[in-house]
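Engineer: Below is one structure. I have some questions about it.
The values are calculated or read from the model by the stated rules, or taken from the named source; none is laboratory data. Quantities reported herein were computed from a predicted structural model and do not represent experimental measurements. Because the Cβ atoms are built from the backbone with ideal geometry, glycine has one as well, and the counts that use them run over all protein chains shown.
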Amino acid sequence: MARPHPSHFEGGDPRALFAAAPVSLIALDTDLRAVAVSDTYLELSGAQRQGIIGRTLAEILPAPRSPAAVESIASLLRAIVAGDIHWRTSTILDPSTPGDPLWQVQTKAVVDELDRIQLIILRIERVAVDASGMSTYANHHADLLRSNAELEQFAYIASHDLQEPLRMIMSYLQVLALRHAEQLDPSARKHMTTVVGAAERMRTMITAMLEFARTGSRAPVLAPVASEEALADALVNLEPNIAASEARVQHGPLPPVLADRVHLARIFQNLIGNALKFRSSDGVLVQVEACAHGDFWKFSVADNGVGIPDGRQHKLFRVFERAHSERYHPGTGIGLAICKRLVEHHGGRIWFESREKFGATFFFTLPKVPDAQPT
């Protein structure tokens, strides 16, 4: 699919034109730091030029804005730099609360003659919305929250109520298998085994659906959390698996974060658990690190396992999607979907890098505790 034609960088420095530009512009380098800004944007935002140049996206976008909205824009720009999406995009920077100003952010890449991205230009404009429009936005926001809550409740009820009839089906199948197996010919016994196996898989999937629905039923209780303690909680839960696989789990200094400790432990547990499950024959080594990432901390969980096949990577965070055959690596296929939901509930983002047979590294971001430094 052809990309929209980007602006070309012909040797002159377009950053020199920004100060006099009649529109609200910011130029970013490929590390997503500001290198130029127009006077129009400074007037619009009330910012000073020295407070923009060299700063990260989280520091230059107009306030008020939610951490989740900032990370959403950052994710979009990283995808542009990586070449994963079109170079010309437009999105709305959601306010931190309904009633705050709305901002539209348009992006366009500046490339050289070899189509290598040199700069990303942001055009940031305040969206004019009257009182009735803000009321409509607030109503749509409330309707979306209510719809999501109802959908999660439906998934919970459906998966819960499906367990009883399935339990009855499995009970009668087991009775047939135990009491009447001798009356069945080999073909019928084979069919019976197949049906029992299918019922077992259905029970596993229903249990997984119930677990996934429960994950979204409780909002995270955000408070300053020592991430090393949450990691320790996860390692206690994984201790039998770590011992069985003779794995080494190491970590560098980890910072305090604004998070739900139970949810953070679950994220660590699922990611490290996957590293143990999808291990290679070379022994298991898992390394957990963290570094500053704007208003967030970026965590990484790296392993030396079997990696993720290219053809499966784009579906990895979907419910019941698996990177490897269940025959060799049993499981439900919801662990990463749960991680994604938990991270996003904190306003963060999760992604990964992997090469098949060369391990995988999962990254996720969580909000910083104000003025907090790594411990």
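Engineer: In region 267-292, how many are assigned to a strand (DSSP E or B) and surrounded by 18 or more Cβ atoms within 10 Å (Cβ to Cβ)?
Structural biologist: 3
Engineer: Among the numbered conditions (1) in a helix (DSSP H, G or I); (2) out of contact with any helix residue (DSSP H, G or I) (no Cβ under 7 Å at 6 or more places or on another chain); (3) modelled with pLDDT of 65 or more, tell me where ARG341 comes up short.
Structural biologist: With (1) in a helix (DSSP H, G or I); (2) out of contact with any helix residue (DSSP H, G or I) (no Cβ under 7 Å at 6 or more places or on another chain); (3) modelled with pLDDT of 65 or more applied to ARG341, the lone miss is (2).
Engineer: Something else now. So, in region 218-257, exactly how many residues are within 13 Å of VAL369 (Cβ to Cβ) and part of a helix (DSSP H, G or I)?
Structural biologist: First, pick out the residues of region 218-257 that are within 13 Å of VAL369 (Cβ to Cβ): 222-227, 254-257.
Checking the rest, the ones that are also part of a helix (DSSP H, G or I) come to 227.
Within region 218-257, residues that are within 13 Å of VAL369 (Cβ to Cβ) and part of a helix (DSSP H, G or I) number 1.
Engineer: Return yes when PHE358 is in the same structural domain as LEU238 (by TED's automatic domain parsing), modelled with pLDDT under 90, over 24 Å from ASN237 (Cβ atoms) and among the aromatic types (Phe, Trp, Tyr) and no when it is not.
Structural biologist: yes
Engineer: If a residue counts only when it is among the β-branched types (Val, Ile, Thr) and either at pLDDT below 75 or within 23 Å of the chain's Cα centre (by Cα) (or both), which strands (runs of 3 or more DSSP E) contained entirely in region 18-123 have at least 2 such residues?
Structural biologist: 89-93, 102-111
Engineer: Among ALA198, ALA149, which is the only one that is outside the structural domain of ILE334 (by TED's automatic domain parsing), at pLDDT below 70, surrounded by 10 or more Cβ atoms within 10 Å (Cβ to Cβ) and within 26 Å of ILE334 (Cβ to Cβ)? Let's see the steps before the verdict.
Structural biologist: Details: ALA198 fails: at pLDDT below 70.
On inspection, the qualifying residue turns out to be ALA149.
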